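These notes are about the structure you will find just below.
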């Protein structure tokens, strides 16, 4: 039987995949402006890194390694938020979509940040 914790983890990973897919689709719009090509690439990399590091943590041999993967995921979430703010400020046409994705990235970052604090015993 699946526990609430297991269910949350599974749903969280699905949420990270959905965020990455959403960013990939958003990047198609970003690439319509040549000035945003590099930003689109950075956004894809850092957003993908969030989910990849959370998933990679599952195979960690120690709590220390597990925590480190979550720390990296948190840094990537923060970088994702940075690039979305840049896009929001640069393009009025993309502002609403950037804000919507930014909201999801912020929520994901808060969950990961809370997990890091718990793992480090600071909660």
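What follows draws every value from the coordinates through simple rules; no lab data is involved. A quick note: this is a predicted structure, and the numbers were derived from the prediction, not measured. Please note: Cβ atoms are built from the backbone with ideal geometry, for glycine as well, and neighbour counts cover all protein chains shown.
A few comments on the model shown:
- Length gained when the stretch residue 45-residue 60 is fully extended (0.36 nm per residue, less Cα-Cα span): 3.2 nm
- Spread of Cα-to-Cα distances over 10 Å intervals beginning at zero, given as percent, for the chain: 13, 43, 28, 13, 2, 0
- Cut-off 11 Å, label 7 Å out along Cα→Cβ of residue 9, residues of the range 59-96 by amide N: 59-60
- Taking 64, 31, 15 in turn, the Gaussian network model of the chain (Cα-Cα springs below 10 Å) assigns the largest fluctuation to 64.
- Computed [θ] at 222 nm, helices only, for the chain once each DSSP H run of length n ≥ 4 contributes -39500 (n - 2.57): -29000 deg cm²/dmol
- Sequence-separation-based contact order of the chain, relative, with Cα cut under 8 Å and 6+ spacing, percent: 22 percent
- Pairwise FRET efficiency - residue 90 versus residue 25, Cβ, R0 = 22 Å, nearest 0.05: 0.75
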